[in-house]
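Some notes on the structure that comes next.
The values are calculated or read from the model by the stated rules, or taken from the named source; none is laboratory data. Computed from a prediction, not measured in an experiment: that's the story for all the values here. We place every Cβ from the backbone using ideal geometry, glycine too, and count neighbours over all the protein chains shown. Only protein heavy atoms, including side chains, enter the accessible area calculation; ligands, DNA and RNA are left aside. Shrake-Rupley method; radii C 1.70, N 1.55, O 1.52, S 1.80 Å.
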Amino acid sequence: MEILSTTEADIRRAAEALRRGFLVAFPTETVYGLGADAFNQTALACVFAAKGRPRFDPLIIHIAALDTLDRLADLSALTPDLREKAAILTARLWPGPLTLILPKRSVVPDLATSGLPTVALRFPDHPAAQELIRLSTGALAAPSANLFGRLSPVRMEHVRDQLGEQVDFIIDGGRTAVGVESTVLDLSGGIPCILRPGGVSRGSIETLIGAVEFPGTSGESKLVSPGLLKSHYAPWTPLTLHSPEAIAALPYTAGEIFLFFSPATRNPWLAEQTRQGVVPPPERIWVLSDSGTTLAAAANLFDLLHELDYLGVSCIRAEEAPPMELGPAINDRLFRASGSIRGA
Ligand code: TXA
Ligand code: MG
């Protein structure tokens, strides 16, 4: 495995490697992706193998030009209403952290879509990712560049530590900006439905195209992304998720980490501990967002979980984010990290 930079020369090398069937991990605005040429079946098989990902969990195809959408997805199979909604979303939110599920064309290998009649498409908002896609084959299949079920990578080091020699090149673009994966929106039939909350909020989508469904993270639902059925995004350290009220009432226990959403909940809790004569060590008390915004919390989420996971504590107690903006995406990741969802 070789680490590359985002210089043009290095991106050209990486693109050439992709055209020859190698795997290249690259930064996007959300998390790092493990990229393979979307049309190369052998390379696609290597992606599933490198991650230890079951083949029933389909991949997102990353594109860097709107024309590519028509090559890979059959918009004529949509109702006029959904076709218009797709056009609005791609015009207004692409490039950006929104993945659209659309009827697929036969050029997309079944291996990439796990045999589904639909394809997941995303146009990432990241110059190095776009350059890499354009200089390779215009379409890169890329799941998050972590081992299946583990924390998503938001730095080159996270990819290197999890995938090591399973990946041929890693492009180092520093820490990613958004910090949680793209929102996955199913536009393939019926009412648009959020299969995975992510970097674009439900509100931003509904402002543009009207009501969308969101079955939610814990709800029993017929419509979930195949990859969302199991415990996911898990740190090695056990994590428990608490409401703001519940975490406020918990006493500090030695050997545990308290991860508050913001100082607004941490400070009164700390004051209460002090009143009771308990002084928790500062390295055990964290906040996701100093400013109290969900945007900053999302950007810190995986980076902080990776860091806390190395401390060797017995438990991470995390507070839920407020349910607005990127809050649902954060809570979805924390809920799955807590292992509350288990399945096949
Ligand atoms: O931000 C992101 O989306 C990142 C970066 C690298 O772009 N990628 C990412 O990929 O999160 P991955 O493979 O970790 O998650 C893709 C999700 C999975 O939950 C998968 O089941 C779902 O998208 N998915 C892919 N194709 C689908 C399809 N045809 N129908 C329904 N869900 C699909
Ligand atoms: Mg993933």
- Task: Mind telling me which of the residues 80, 117, 54 ends up being within 15 Å of ligand 1 (Cβ to nearest atom), open to solvent by 10 Å² or more (accessible area, probe 1.4 Å) and more than 22 Å from the chain's Cα centre (by Cα)?
- Result: 117
- Pairs with Cβ under 7 Å, 6+ apart, first in region 6-24 and of a type in the set (Lys, Arg), second assigned to a helix (DSSP H, G or I): 12/135
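Go through region 83-103 and give me each residue that's open to solvent by 10 Å² or more (accessible area, probe 1.4 Å) and either among the polar types (S, T, N, Q) or more than 16 Å from ligand 2 (Cβ to nearest atom) (or both).
Result: 83, 84, 85, 87, 88, 90, 91, 92, 93, 94, 95, 103.
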- Query: Among the residues of region 1-8, is there at least one that is within 16 Å of ligand 2 (Cβ to nearest atom) and open to solvent by 30 Å² or more (accessible area, probe 1.4 Å)?
  - Reply: no
- Task: Assess whether residue 231 counts as being out of contact with any strand residue (DSSP E or B) (no Cβ under 7 Å at 6 or more places or on another chain), within 16 Å of ligand 1 (Cβ to nearest atom), modelled with pLDDT under 95 and closer than 22 Å to residue 118 by Cα.
- Result: no
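Are any residues in region 157-169 farther than 17 Å from residue 49 by Cα and buried (at least 22 other Cβ atoms within 10 Å of the Cβ), and if so, which ones?
Residue satisfying the conditions is 158 alone.
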- Message: Within region 284-310, take every residue that is touching an Asp or Glu at 6+ places or on another chain (Cβ under 8 Å) and polar (S, T, N, Q) and give me the one that is farthest from residue 158 (Cα to Cα).
- Response: 293
- All but one of (1) touching a residue at least 12 places away in the same chain (Cβ under 8 Å); (2) out of contact with any strand residue (DSSP E or B) (no Cβ under 7 Å at 6 or more places or on another chain); (3) over 23 Å from residue 152 (Cα atoms) hold for residue 281, so report the exception by its number. (1)
- Item | Cβ pairs under 6 Å, 6+ apart, first in region 106-124 and farther than 11 Å from residue 61 by Cα and assigned by TED's automatic domain parsing to the domain that holds residue 59, second open to solvent by less than 10 Å² (accessible area, probe 1.4 Å) and assigned to a helix (DSSP H, G or I) | 111/44
- Checked against (1) modelled with pLDDT under 95; (2) away from ligand 2 (no atom under 16 Å from the Cβ); (3) assigned by TED's automatic domain parsing to the domain that holds residue 112, residue 149 satisfies every condition except (2)
